[in-house]
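K.L.:
There's a structure below that I have some questions on.
Just so it is clear, none of the values below were taken in a lab; they were calculated from the coordinates. The model shown is predicted, which means the values in this text are computed figures rather than measured ones. Using ideal geometry, Cβ is built from the backbone for each residue, glycine included, and neighbour counts are taken over all protein chains shown.
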Amino acid sequence: MTKRCWILLLIVILAAGFISGQTKTAKITAIRGAKIIPVVGEDLDVGTILIKDGKIEAIGKDISIPAGAEIVEAKGWRAYPGMIDSYAFLGLQEITGVNETVDNRETGRMNPQVRAVEALRYDSMHIPIARSNGITAALVAPAGGVIAGQSVLIKLDGWTNREMVVKNPAAMQIEFPGIRGARGGGGGGSGQRGAAAADAGRLIAELKDLFTKARFYEKRKNYAAKTLTLALPEFDETAEFLLPVVKGQTPVMISVHADRDIRAAIQFVKEENLKAIFFGAEQGWKVADDLKKAEIPVIIGSLYDLPPVWDDGYDQLFLNPVVMNKAGVKIAFASVSATMAKDLPYHAAKAAAFGLDKKEALKAVTIYPAEIFGVEKLMGSLEKGKTANIVLSDGDILETRTNIQKVFIDGKECDLSNRYTELLEKFKKRS
Amino acid sequence: MKNPTIFLVFAAFVLAASFQPASAEGGNLLIKNGTILTVTQGIIAKGDILILNGIIRQIGENINPPAGVKVIEASGKFVLPGIIDSHTHIALAGTNEGSEAITPEADVGAVINADDTAILTALSGGVTMAHTMHGSANPIGGPNVVLKMKWGKPSEDLVVTEALRTLKFALGENVKQSSRTILPGGPPPRYPQTRMGVNAIMRREFLRAQNYMAAWDRYNKLKASKIPPKILLPPRRDLRLEVLADLLRGKMVARCHDYQATEALEFIGLAKEFGFKIAAFEHAWEAYKIADELAGEKIGISVFADSWAYKMEAAEGIAYDAGYCAKKGVLVSINSDSGERIRRLFNDASKTMKYGGLSENEALSLITINPAIQLGVDRIVGSLEVGKQADIAIFNEHPMSAYARCDMTIIDGDAYFDRAALLREREEAAKKAEVAKKGGRP
Amino acid sequence: MPKSARPLIMLTILALGALAWTSPADVGPTYAIRNAKIVPVAGPVVEKGILIIRDGLIESVGPSDKIAIPEDAEVIEAAGMAAYPGLISAHTHLLLEEPAAPAGGAQQVPSITLPGAAQPNTPAGTPDVLAFGLLKPKKSTLDSFLRAGFTTVLVAPNRGIIQGQSVVVDLNGEDPEPMVVKNPAALHINFTTNRGGYPSSLMGTIAYIRQSFLDAEGYALAQAVYAKNLKGMKRPVFNPFLEALRPYVRDKKPVVFQCNNVEDIKRALKIVDEFKLNAMLSHVNEAWRDASVLKKTPIPLLVTLDFRPPSGSLFVNQGEDLRKKAEAEIYPANPSNLAKEGIAFALTTFGLNDGSTALKNIQSAIKAGLSPEQALRALTIQPAQYLGLAAQLGSLEPGKIANVILAKGEIFDEKTQIDKVFVDGILWKF
């Protein structure tokens, strides 16, 4: 072929790609007529949201809708950002009492090497149920032991587990002991409080030791890489997988509960120069100022539980987020579940029932978790440029009676059918 | 001890709170200006309830307080019937006699534990009455008891004597001990280990009970006859079979823990075979599959809203179960079966508005009048009507709102939980602690 | 004392001498405790008195100027000391050596063996077990309790629900037979469960107790009918379990129910009423919470000096502060609260394994409001009456068993030391 032919071919190929790309990404969706609650910024009584290329192209009261746009009539509905569950077992548990279907708890104490994403069952029946209640993203975390493994932030839509990944790893999960002398909390079943066996102080010493080992391990590896005569250190799995944490690349999420232990954990995080998130912190209200000063955000554990310490009061678990929020600590709510993941908004509402400002409660399931996990540019609010994770509802999404009408993830409308609706439809046919 | 004063103050407060009702007014109260959700007779937007001697005497607007009657200001609040939890295991010293399969001689009414702090937990969630039961370790467990949550009162004062006498049955995984590991050298597995064995053992016991009743009938006839035989010894009095005989005679009703549709249908068959009444199926996660049968047989269900997928037989438990069955005419109650969930029963009931399309009042019925009917106490509680016992809860929001919180729980006209009083006590204790810390100087 | 009284006193002494016939084998030492303050419990205090012990019994007691010291008496100078009756603990598990594996003993044989009936490894009920057969007294235990002033204890078997029959013993040595004061003393029942077998729950236990008594009644009836129809009626099958229960169900011999909390008391009273048992309630360290019930249905109470609140009590599961306060202040006030309500009781050392703890707890009870006199009565004459031993024990009176303690100071005072103890008339060597 002549040189000219080659150039022509090249142009055609490029143009084809360009054109097909154009037609692939040309679709625009317009959600029209809804009351818009962007979470960041003022609410709009009636407005329009334009979605393009999976992102929010525009939001406003008088937005002109381009021709050819798919229009979603949302009159009488509300538009919210999709909710984010800050600690869930979605995809790692199917039937909690049947061990064969449970993958969130590895055996052993130190497991920085396990990755939740590698066990994530993308077609778990619990994911569509949560999604159909307006939850569009979740942190899926391993649990158990001291270092439980690496959690992953996923969007609740995708044909494979890898397609669902938003951020991997999201954090290294570490667990401190529960509150000594705490009551069993029977009935809640959230499993968020570890046995009060080990002393947090000893645990911190052990972790520091591991971190130091990891640093030296890396130093030695690097030095040996440059110097052939120097022996490589024996492969150390724990050190290897702790390095990103030690170097500040991966944040740690520390599950910590008693006030003394929270203080000790704050100290530990400062000394080791870690980027940290705390989970649980049931006595965080006692040390709220310390948390605020240290700028450590707190994921609230399940409110479907009994207060661990009787003397702290029957409403201690509910007041905890209220007090911390008032003290300026950034909080986020979590379902701490797979089977009850859809209940995320109701934990937030429960805290609001006990004094949490309703707007703060909403933020704690949208923008605050986005900020905590470093994905605030992508999600957590309805703002131009963010991913179009949008929920249309017939009422306040934190209310139990509200019906979710439509859910968009990455600008695509999601299928809201789920295990519940499938079985219901099947047996409706009986009559 | 670092500061004895704080300890004493705190201990005094805790001690006082620990076994006295929050306020003991002798059952005389006037609740004013609340939104009254009667459940059975509509809503009064701004109304009053007059209670004398623990009974609701008047419901209406602008009721004048009689002399000496304490007034409870409920303006901006919602007043509803005390919540009834129709399936719990609280306030008992033990819930299962698991060593044998059939144990109806074991009566939970004999082991009430009025010291159980779960009673306080229940009160904080607006619950005034609980049907506390055997667990599910046995095909035939034993009699249950209905209690009012009267913290601080002697145990006999908690028993609701008007309630139906109920007998706990259980089917499925728990009863056949499917999760138990058989250890070498340990005790052999307990019969029955299959669902068919469960039905067989129940049938066997009913037949034995019929035999027992026949033997006593014959003895009584002989004893009463004109010439009784010279040697006449009564049959052995068997506490176990006497309870079953009571069920067969209609003096008790069955409350049966079931998950799968098949096992429920077969139990209905057994009930027909031996002529006893099933008041309700417990949990009934597959009730939506047999809603017509349940409605037709007038058998109720007492279920969770959405706690599912914790074992195989709960894997098809859909959140629409309660709402769908209710719409089909089944008498549905929502229960907690948990000393924790009991304080958010109202949250669970509200979910049927979303999963099932129930109205606000229908959802509220699931935890008030419906369980009252199931337990046979609807003449005395379950709704706000003149003449009923004053079991009342006062919430800050409509109880079917996720933002709702119980602020006061009243039983027989006495407040057993009062959040405002609790907060005042905390403030005072905190103030006293501050003063004590500063060495007594203000 | 008027002159005319002297011949009466001589006559009394002679008469008593005639009554107290002693065989040579029973001859023991004679003591004359001189110039002690004597607290007889059954009568007024004698500020300066003499107590004569002879052949294991109290021969005479009275003011120093009225009692003659016999010529064969060893004189014990007791000026500055006080003499009290030896204390009685009416319910203990002391001095027992129970077999490692539960021994025989009749079990309630189910009337029909069915699949679905558990085969228990440990018997839930062994009414025919006698505590006497399990006695293995150890000097260290005897010393410990004698030092605290206890001379008599009831020992009950420690296993199961229907535990067996107790024995009352004087702490006079390591040989069980001479210790026995009364055997059997009572049938003992505890509201516990039979883990690993039936009944494994408290409600099962209550049914088990009731069914056992029903079966015992049926058995007794069958035996009675058979006795009248030896010819023509098949004999009832011998049942050692029911045989052992018969005296308690038919002949109304005493039954002791161990009631571990406020509810057990009511549970026991229901059973007692159903079977018209001759019963006593023991442990009952929450009895004050049932004061109104106990006033309505009075029943002998054996109140323990063990002040540990039962688990599950509302004082235990509402925070650590309340639990500490309960153990330190609330439960030790149980005896004084009962006394205030006019409810009679005896005190026991049940659950306490050494005498010094028992003494300390008596002092706590007194600090909480019980008067020392009430405490003393509750540890002497009251338990003697409850155990049917008022003729032999519980006070310093002529003819009673010579269990005497000599204390330097008021008994139960924190500074008081017990100087000497006489058990069955023998001076104990620590």
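K.L.:
Show that you can apply the helix-only estimate: for chain B, add -39,500 (n - 2.57) for every DSSP H stretch of four or more residues, divide by all residues, and state [θ] at 222 nm to the nearest 500.
P.N.:
Calculated mean residue ellipticity at 222 nm is -9500 deg cm²/dmol.
K.L.:
Rounded to the nearest 0.05, what FRET efficiency is calculated for residue C:136 and residue C:233 with R0 set to 41 Å and r the Cβ-Cβ distance?
P.N.:
In this case the efficiency is close to 0.40.
K.L.:
As a test of understanding, state the convex hull volume per residue of the range A:83-379 from its alpha carbons, in Å³.
P.N.:
With only Cα atoms used, the range A:83-379 gives 133 Å³ per residue.
K.L.:
Further question on the same structure: Tally the DSSP beta bridges in the protein assembly as shown and give the antiparallel ones as a percent, rounded to 5.
P.N.:
55 percent
K.L.:
Stokes-Einstein at 20 °C, 1.002 mPa s, Kirkwood radius from Cα pairs: D for chain C in µm² s⁻¹?
P.N.:
Diffusion coefficient, whole number: 92 µm²/s.
K.L.:
For chain A, what does -39500 (n - 2.57) per DSSP helix run (n ≥ 4), summed and divided by total residues, give at 222 nm, in deg cm²/dmol to the nearest 500?
P.N.:
-9500 deg cm²/dmol
K.L.:
Give me the inter-chain shielding for C:152-160: mean count of other chain Cβ atoms within 10 Å, whole number please.
P.N.:
What the average comes to for C:152-160 is 0.
K.L.:
Let me ask something else about it. Near residue B:168, which lysines are there with a Cα under 19 Å away, not counting those fewer than 8 places off in the same chain?
P.N.:
B:176, B:251, B:272, B:277, B:298
K.L.:
Over the Cα atoms of the range C:171-229, how large are the radius of gyration and the largest Cα-Cα distance (Dmax), in Å?
P.N.:
17.8, 49
K.L.:
I'd like the trypsin sites (Lys or Arg not before Pro) in the range A:337-431 restricted to DSSP loop residues with at most 14 other Cβ atoms within 10 Å, sorted by number.
P.N.:
Loop-located and lightly packed - A:377, A:384, A:429, A:430.
K.L.:
Enter the angle in degrees (range 0 to 90, nearest 10) between the Cα long axis of helix B:345-354 and the first principal axis of the Cα atoms of chain B, meaning the one along which they spread out most.
P.N.:
Helix B:345-354 sits at roughly 80 degrees to that axis.
K.L.:
Counting other Cβ atoms within 10 Å, keep those with at most 13, restrict to DSSP loop, and tell me which trypsin sites (Lys or Arg not before Pro) in the range B:362-442 are left.
P.N.:
Passing both the DSSP loop test and the Cβ count: B:379, B:438.
K.L.:
Which lysines have a Cα less than 27 Å from the Cα of residue C:429, not counting those fewer than 8 places away in the same chain?
P.N.:
Here the lysines satisfying the reach criterion relative to residue C:429 are C:37, C:48, C:136, C:138, C:139, C:182, C:360, C:400, C:408, C:415, C:420.
K.L.:
For the protein assembly as shown, what's the radius of gyration and Dmax over Cα atoms, in angstrom?
P.N.:
37.7, 159
K.L.:
Report the extension gain between residue C:195 and residue C:252 in nm, rounded to one decimal, defined as 0.36 nm multiplied by the number of residues separating them, less their alpha carbon distance.
P.N.:
Net length gain for the segment: 17.5 nm.
K.L.:
For the range A:60-143, what is the charge dipole size about the Cα centre, in debye to the nearest 20, if Lys and Arg each add +1 at the Cβ and Asp and Glu each add -1 at the Cβ?
P.N.:
280 debye
K.L.:
If you take every DSSP beta bridge fully contained in chain B, what fraction is antiparallel? Give it as a percent rounded to 5.
P.N.:
55 percent
K.L.:
Would you mind telling me the antiparallel percentage of the DSSP bridges in the range C:87-393, rounded to 5?
P.N.:
Taking every DSSP beta bridge within the range C:87-393, about 30 percent pair in antiparallel fashion.
K.L.:
Helix C:202-228 versus the longest principal axis of chain C: what angle, 0 to 90°, nearest 10, using Cα atoms?
P.N.:
90 degrees
K.L.:
Further, regarding this structure: Peptide C:307-315: average number of partner chain Cβ atoms within 10 Å per residue?
P.N.:
3
K.L.:
Non-local amide H neighbours of residue B:90 (under 5 Å, H modeled in plane, Pro and chain starts lacking H): which ones?
P.N.:
B:133
K.L.:
While we're here: Exposed loop chymotrypsin sites (Phe, Trp or Tyr not before Pro) only (DSSP loop, at most 16 other Cβ atoms within 10 Å): please give the longest stretch of chain A free of them, not including the sites.
P.N.:
The answer is A:236-431.
K.L.:
Another question, then. Please list, or write none, the aspartates and glutamates whose alpha carbon is within less than 19 Å of the alpha carbon of residue A:412, excluding same-chain residues fewer than 8 places away.
P.N.:
Those aspartates and glutamates meeting the cut-off are A:53, A:57, A:70, A:73, A:123, A:157, A:163, A:383.
K.L.:
In addition: Report the GluC sites (Glu not before Pro) located in the range C:17-101 that are in a DSSP loop and have at most 15 other Cβ atoms inside 10 Å of their Cβ, or state none.
P.N.:
C:71, C:97
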